[in-house]
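Input: a single structure, listed below in structure tokens.
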Amino acid sequence: MTPIYLDSHATTPLDPRVLEAMMPFLTEQFGNAASMTHEFGRSAAEAVERARAQVAAAVGAEPDEVVFTSGATEAINLALKGLAEARGSGRIVTATTEHPATLDTCARLERRGFAIERLPVEPDGSLPVERVAAALNDETILVSLLHANNEIGVVHDIGALGALCAARGVPLHVDATQSVGKIPVRMAEWGVRLLSLSGHKVYGPKGVGALVVRRGKPRLRLKAQIDGGGHERGMRSGTLNVPGVVGLGRALELAVAEMEGEAARLAGLRDRLRARLFGALDALEENGTATNKLAHNLNVVFRFVDSVALLNAVPELAVSTGSACSSAEPAPSHVLLALGRDETEARSSVRFGLHRFTTADEIDRAADLVIAAVRELRAQSGLYMTEQDDHGSTRRDG
Ligand SMILES: *Cc1c(COP(=O)(O)O)cnc(C)c1O
């Protein structure tokens, strides 16, 4: 049987309606969108422009501000390195809970002589606007922050942060990979100058994304990271992935149209999962408890349980111990450590990510599987049993 998929922060299933929109461009309409001398190229170019408008509408920008890339990682690299290289020197302000695409790019820029300020977050995952305000100075060339965190779902107040950065004349780059299509994103209204997004986190295809570069004052100059034919207004050369771009546009169009209902439904299911787990098991804690978080995220510390052992005990369930990028290596999640969790707590944490096709039945089965596995693992844990004896039998959940 196919496992129950609850790892939607790593990737989402392709919506069949997105595949349907992409199909013609994988088959008969195979033209190169840069070939304007014939019908094949022109119809591909028209489809790309439709997608550009769909992406722009989803984030509150103009179509000609959209630069298609291979995904959010490339978009973030282009935003940070492109801007830093155009400026030559300066300081970038970011946070400790950012995605590796941002943290690793900042680390490379640091080795090249740029100053990087990594701001700590609160234990609930939130980032006070005053902390960002205090970090800005005359050297600051960019602020780069997540909109919604990919491990704990915490949503930063980009409206307030955008206003702050605009008032101080510092461009704000937002990694909106987890938020676009799930919660409102309003670049123009919020004063956000740069924004990265990806297709495969929003029921679109993998290998396509965009950097949205807003016009405004001062004009943002980015040094291209890929040279070639000067596609995408010289900012990103390379033949466009037309089926991918079409899929990205359609995926965002659908996500925005269905956002409200879907978020409410997923919040209901997520709350049900949380209630089942916390009702049946003791010694649990939630990671990232900021009041504003994504409706489909739940990240839980299962004390006295190693999360890798837990995941191995429930092969019927596809979940993750942290971000997909860091689960391949043994290091505990940098996000959970940034919240003040210790290594043991971080190694006892599991991230659940619900998605568009998650059903109530799947949530109930997932809860039953996890509850049974945690009880089993704890029964084998000397530490847990000792702790229970110390607290008397009332706390035992076994
Ligand atoms: C997945 C993800 C990325 C990377 O996106 P890709 O398109 O896979 O390169 C960047 N930031 C966040 C917050 C993500 O969740």
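The values are calculated or read from the model by the stated rules, or taken from the named source; none is laboratory data. Quantities reported herein were computed from a predicted structural model and do not represent experimental measurements. Methodologically, a virtual Cβ is constructed for each residue, glycine included, from the backbone with ideal geometry; neighbour enumeration extends over all protein chains shown. The accessibility values were calculated without ligands, DNA or RNA, using every heavy atom of the protein model including side chains. Shrake-Rupley method; radii C 1.70, N 1.55, O 1.52, S 1.80 Å.
Quick notes on this structure:
- Tensor-based shape of the stretch 273-373 (alpha-carbon gyration tensor, a/c under 1.5 rounded, otherwise prolate or oblate): rounded
- When a 1.4 Å probe is rolled over the protein heavy atoms, the share of accessible surface on the stretch 134-181 that falls to carbon and sulfur comes to 47 percent.
- For the chain, with +1 on Lys and Arg beta carbons and -1 on Asp and Glu, the positive-most of THR344, THR97, ILE152 along the dipole: THR97
- Of the trypsin sites (Lys or Arg not before Pro) in the stretch 68-149, those whose Cβ has at most 14 other Cβ within 10 Å and which sit in DSSP loop: ARG112
- Share of Cα-Cα pairs in the stretch 210-273 lying beyond 15 Å, as whole percent: 70 percent
- Percentage relative contact order, the stretch 1-70, counting C-alpha pairs under 8 Å, at least six apart: 15 percent
- For the stretch 125-201, size of Cβ-based charge dipole, Lys and Arg +1, Asp and Glu -1, in debye: 240 debye
- Our summary gives the chain a relative contact order of 22 percent, counting only alpha carbon pairs under 8 angstrom and 6 or more residues apart.
- A 1.4 Å probe, protein heavy atoms only, puts the accessible area of LEU311 near 40 Å².
- Taking every protein chain into account, the accessible area of the chain amounts to 41 square angstrom per residue (probe 1.4 Å).
- Helix 158-168 axis, angle to the chain major axis (alpha carbon atoms, nearest 10°): 50 degrees
- DSSP-defined beta bridges in the chain - what % are antiparallel, rounded to 5: 50 percent
- Relative contact order [Cα under 8 Å, 6+ residues apart], the stretch 31-131, whole percent: 16 percent
- Annotation: amide H of PHE352 within the under-5 Å range of LEU298, ASN299, VAL300, sequence separation 5 or more or interchain, hydrogens built in the peptide plane.
- Taking 16 Å as the cut-off, the amide N atoms of the stretch 159-192 that come nearer than this to a point 7 Å along the Cα-to-beta-carbon line of ALA86 belong to 169-174, 192.
- Equivalent ellipsoid, the stretch 16-254 (semi-axes from 5 times Cα gyration tensor eigenvalues, Å): 31, 19, 15
- Between 0 and 90°, nearest 10: helix 16-26 axis offset from the chain longest Cα axis: 40 degrees
- Dipole of the stretch 16-254 [Lys/Arg +1, Asp/Glu -1 at C-beta], most positive-end residue of VAL180, LEU248, ALA133: ALA133
- For THR69, the residues 5 or more places off, or on other chains, whose built amide H falls under 5 Å of its own are GLY209, ALA210, LEU211.
- Charging the Cβ of each Asp and Glu at -1 and of each Lys and Arg at +1, and nothing else, the dipole of the stretch 227-365 about its Cα centre rounds to 200 debye.
- Both radii come from the Cα set of the stretch 175-312: Rg as radius of gyration, Rh as Kirkwood radius; their ratio Rg/Rh reads 1.08.
- Per DSSP, loop trypsin sites (Lys or Arg not before Pro) in the stretch 176-229 with at most 12 further Cβ within 10 Å: ARG215, ARG219, ARG221
- In degrees, nearest ten, helix 100-111 long axis to first principal axis of the chain (Cα): 70 degrees
- Simple point charges give the picture: +1 on the Cβ of Lys and Arg, -1 on the Cβ of Asp and Glu, and for the chain a dipole about the Cα centre of about 1160 debye.
- Within the same chain, lysines fewer than 8 places from LYS206 are excluded, and of the rest, those with a Cα less than 28 Å from its Cα are LYS81, LYS182, LYS223, LYS293.
- The stretch 143-234 pair-distance distribution - Cα-Cα, 5 Å bins, rounded %: 3, 13, 22, 22, 18, 14, 7, 1, 0
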